[in-house]
Structure formats: C-alpha cells, structure tokens
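Comments concern the structure below.
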DNA sequence: AGGGACTGACTGAATGTTCAGTCTAGGAAC
DNA sequence: GTTCCTAGACTGAACATTCAGTCAGTCCCT
C-alpha cells in the first residue's frame, strides 16, 4: 500500500477529486487557460491519469462545470427548503446570486462568465447552460406561483417574471464577479430586492438570520 | 505589384482592416481560440505583418474589442441624437442591446461574453469593460434625468435605475446571444420595455419607424 | 539612397494525447 | 495455502502538433 496525498480511494472518489481540482484551476486561470498538467498537479497525480479518467480535456472541463453548477443549485435549494415564506425563499434566491462566496463552492460567479462564453461555441457546454437556466427559471416561476397561491404575492405572469429576474441576476452577477466599483454585492442585493418587492407587491424585512447591509 | 484583396492603402487603413478581421475571427472562433494566422488570412496578409502592426496578440485582441465597443456605442448615440423624446431614446437603448444584428458590427453580443470572461483575468480587457460600462450607465442616467426634467418620466433614482437597467440588458443579451429558446430578441425587448415603462411611469408606443414585433 | 511596409522561412516553447508497460488486489485453480 | 491470472489503476517518457514571435532581407515610394 502506497501513501498518496490522499488514500486515493475508489475510482469515483478519484473522479470527484479531479473535478474539484479542475474547478480550482478554472477559477484561477480561466477555462481556456486551464491545462491538464495543472489539474493533475492539483490533484496530486499525472496528466496521463487525468486523460485516463476523462477521455479528453473538453470532457473534463465540461463535466467540471456541470458538477459545479449542480452542487451550487442543490446547496441553494436545500437552504430554501428550510425557509417558511415564499418571500424568504425568493430572498434566498437573490442572495445566492449576489453572495456567491457564501457558498461552499466559492467563485461560482466567475465560472459563469466562462460558462457563457464557452457555451457560445461548445455544444456540450451549451447544453449544460441550457438545462441549468431552464431549471433556474422553473424554480423561480414555481416559487412565484406558490407565493401567489398563499396570497403573499400579487398577480404577475410567473414566466415573464422568471425570465426578467434571472436576467437581472445574471447581469448583476457579472458586475459582482468583475469587481465593478459601482456595483458591489450589497447594492446588487438591495436593487434586486427592490425590483422583486415592487413587482410582486410585498414588503420584505431581513430575517435577521442572514446578515444584510444596513440602511444606506 | 501584386494585387491584394484590397489596395492596402495607408497604415491607418491597414490597422483598421486588421481590427475588423480580428473581430470577424473572434466572432467565429471565440477570443481564446483566435490565432494570428486566422486574422492575417482574413485580412489578406501574413502573420508577420499583423505582429508588425500590433506588437503582441494580446494587444491586437484588446484593441479589437475596444474598437468594436466604441463603434457600437457611437453608432447607437448617433441614432439616439435623431430622436426627439427621452422615451424614444430609451427605447433605442433597449433595442441596441436586444437587436445587435441590426448594427453595422453584427454579433457584438457574442463578443460581450468573451469580453466579460477575459476581463476577469486580463487587466487590459478589464479596463476596457470598466470604462465601457461606466459610459453606458452614465448615458442611461443622463437620459433619465433629461426625461425627468421634461416631465416625461416619474421620479426614480437615476443612478440606481441605470445600474438595474444595464444589468437587465446584459442578462437578456446573454440569452439572446446564446439563442435561448425561451428568450428571443423580441421577447427580451418587450420585457425590458415593460420594466422601463413601469419604473419611469410612461406609456410607450412603437414609433412605427423601427420594426417591432406585433402583439402576440 | 533611404526608410517604411512587407514577407517567407524559421524557431522554440508549450501542451494534449498516446503508449508500453508496472503495480496491486482479488479471485480461481489446484 | 500457494500459485497463477486478469482487470483495472496508474505512470514516465515520448510524440506530434500548434502557434506566437523573430529575423534577415526584399520591394516600393519619395
């Protein structure tokens, strides 16, 4: 038995280890600049083994992105399930996009920029994004319908609202990810919540559990 | 004398010709996959000449992006100058983002995806984006103030509105650029105008000059 | 003649992928 | 219990290609 950095474990663990390593490197160097050798080094193995698990570099990176998006989404929905009101869950959705560093996988927003630009040319990445966006909009839409059924929200077209809100969140994420001096996470959150409450016609007070920027 | 595709002309013309060629290639292959040889071929010259004009590949691509953004912005503002009402000018702003193909430089929205992802790592590109966004938000903000002075628009914080609208436009541009089946240009335009009119409190009727999708 | 525009032929480094094996665990045969 | 065998995990060393950037020199205009 040889002692590696990690006990190596099963093949599935190895795969996941490599996916995480790939995400680390993508966050640091960007999708296009990520080399197999980097991923291998980060995972404590050789480039050959990386190719052994994922046939090509493209496949590795595409799977890594899917992995990241899935765990980001799952983490969020798990957190949402613990919230009582539809308004609170909607606030959580907005917070997920505005405060990415609060998540287990930090720097998901930087990853999105690469996801979008790669989706333009790589069909594999495009389908990841497509499914991800669809799921995301469906989540918002279902949440609106639930809130309307409860009488929390006013009447708006749920599908239209979902498209608009997700676009707004994407746009704000860009500014946050790129560190725009005018649009930091706190302001993005506030502006977004203002839009949401205005559209759906409800008042929102911070649940005092999650830290929210004080009044300006 | 050998006949090239173009008579070559002055050095400045050559530069611009190369910048245009670079934009063509970036649109086709993406920023990261763009090779000097591609640009040279498209411009009808040799790779060596491209390096002769732009010292490095980075410089070529960065300048190309700046060139594209500038001409997109200038084209838009020129068109806006011909519009009487603030509401009409605001509609033009929204249209600029939603119908990029109508512009001289098509496919500017695909370029944005690369711009954002490259801005995350390349300081040169980052500053292009930074200045571009600032100018864009200032334009919106000034327009809102003008409309308020004319009594066309209701009272909203111009700066907040500019941040929100520009983010919304960015987000919708992503969907349009990537050909999302749920969000085409017409729907994006309609949703965006609904947001704008709702926030600023004015009615908007298509000026009948620019083609706008008829009612559903 | 001289200088700027321009080129073909190179080079050197980077890097994805292949390949020919090595090592280990575990099961079957005896 | 020992031996043999196999499949899968894993590796070091190469291979093949791609591509940015260099250079020595040519052509043309003034």
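The values are calculated or read from the model by the stated rules, or taken from the named source; none is laboratory data. It should be emphasised that the depicted structure is a prediction, and the values quoted were computed from it without experimental measurement. With ideal geometry, Cβ positions are generated from the backbone for all residues, glycine too; neighbour counts draw on all protein chains shown.
Suppose we filter A:85, A:62 for residues that are away from DNA strand D (no atom under 16 Å from the Cβ), away from every other protein chain (no Cβ under 14 Å) and more than 28 Å from residue A:187 (Cα to Cα); which single one remains? I'd like the intermediate steps shown before the answer.
Details: A:85 fails: more than 28 Å from residue A:187 (Cα to Cα).
That would be A:62, the only listed residue that is away from DNA strand D (no atom under 16 Å from the Cβ), away from every other protein chain (no Cβ under 14 Å) and more than 28 Å from residue A:187 (Cα to Cα).
Does residue B:94 satisfy being away from chain A (no Cβ under 12 Å) and touching a residue at least 40 places away in the same chain (Cβ under 8 Å)? Step through it out loud before you land on a result.
Details: away from chain A (no Cβ under 12 Å): yes; touching a residue at least 40 places away in the same chain (Cβ under 8 Å): yes.
Taking the combined requirement at face value, the residue satisfies it.
For the range B:67-85, state whether one or more residues are within 14 Å of residue B:21 (Cβ to Cβ) and under 10 Å from the mean Cα position of the chain (by Cα). Walk me through how you get there before you give the answer.
Of the residues in the range B:67-85, the ones within 14 Å of residue B:21 (Cβ to Cβ) are B:67-68.
From what is left, the residues that are under 10 Å from the mean Cα position of the chain (by Cα) are B:68.
Yes, the range B:67-85 contains a residue that is within 14 Å of residue B:21 (Cβ to Cβ) and under 10 Å from the mean Cα position of the chain (by Cα).
When you scan the range B:53-60, do you find a residue that is out of contact with any strand residue (DSSP E or B) (no Cβ under 9 Å at 6 or more places or on another chain), over 19 Å from residue B:127 (Cβ atoms) and at pLDDT 95 or above, even just one?
Let us first name the residues in the range B:53-60 that are out of contact with any strand residue (DSSP E or B) (no Cβ under 9 Å at 6 or more places or on another chain), namely B:53-60.
Next cut, over 19 Å from residue B:127 (Cβ atoms) only: B:53.
From what is left, the residues that are at pLDDT 95 or above are B:53.
Within the range B:53-60, one or more residues are out of contact with any strand residue (DSSP E or B) (no Cβ under 9 Å at 6 or more places or on another chain), over 19 Å from residue B:127 (Cβ atoms) and at pLDDT 95 or above.
Please give the number of the condition residue B:97 fails out of (1) at pLDDT 95 or above; (2) surrounded by 22 or more Cβ atoms within 10 Å (Cβ to Cβ); (3) part of a helix (DSSP H, G or I).
Against the list (1) at pLDDT 95 or above; (2) surrounded by 22 or more Cβ atoms within 10 Å (Cβ to Cβ); (3) part of a helix (DSSP H, G or I), residue B:97 comes up short only on (1).
How many residues are in a loop (DSSP other than H, G, I, E, B), in contact (Cβ under 8 Å) with a residue 12 or more places away in the chain and surrounded by fewer than 19 Cβ atoms within 10 Å (Cβ to Cβ) when one looks only at the range A:33-63?
1
Taking the stated definitions as given, is residue B:91 over 30 Å from residue A:31 (Cα atoms), away from DNA strand D (no atom under 16 Å from the Cβ) and modelled with pLDDT under 95? Outline the logic, then answer.
Values: over 30 Å from residue A:31 (Cα atoms): yes; away from DNA strand D (no atom under 16 Å from the Cβ): yes; modelled with pLDDT under 95: no.
Against the criterion (over 30 Å from residue A:31 (Cα atoms), away from DNA strand D (no atom under 16 Å from the Cβ) and modelled with pLDDT under 95), residue B:91 does not qualify.
For the range A:112-123, check the following and say yes or no: at least one residue is within 24 Å of residue A:190 (Cα to Cα), in contact (Cβ under 8 Å) with a residue 24 or more places away in the chain and either within 14 Å of chain B (Cβ to nearest Cβ) or buried (at least 22 other Cβ atoms within 10 Å of the Cβ) (or both).
Of the range A:112-123, the ones within 24 Å of residue A:190 (Cα to Cα) are A:112-113.
From what's left, in contact (Cβ under 8 Å) with a residue 24 or more places away in the chain: A:112-113.
Remaining after also requiring either within 14 Å of chain B (Cβ to nearest Cβ) or buried (at least 22 other Cβ atoms within 10 Å of the Cβ) (or both): A:112-113.
Checking the range A:112-123: at least one residue is within 24 Å of residue A:190 (Cα to Cα), in contact (Cβ under 8 Å) with a residue 24 or more places away in the chain and either within 14 Å of chain B (Cβ to nearest Cβ) or buried (at least 22 other Cβ atoms within 10 Å of the Cβ) (or both).
Answer yes if at least one residue in the range B:45-57 is within 12 Å of DNA strand D (Cβ to nearest atom), within 14 Å of chain A (Cβ to nearest Cβ) and over 24 Å from residue A:173 (Cβ atoms), and no otherwise.
Taking every residue of the range B:45-57 in turn, at least one turns out to be within 12 Å of DNA strand D (Cβ to nearest atom), within 14 Å of chain A (Cβ to nearest Cβ) and over 24 Å from residue A:173 (Cβ atoms).
Which number in (1) assigned to a helix (DSSP H, G or I); (2) within 16 Å of DNA strand C (Cβ to nearest atom) marks the one condition that residue B:25 misses?
Condition not satisfied by residue B:25: (2).
When you scan the range A:139-160, do you find a residue that is in contact with a helix residue (DSSP H, G or I) (Cβ under 8 Å, 6 or more places away or on another chain), in a helix (DSSP H, G or I), touching a residue at least 60 places away in the same chain (Cβ under 8 Å) and within 13 Å of chain B (Cβ to nearest Cβ), even just one?
no
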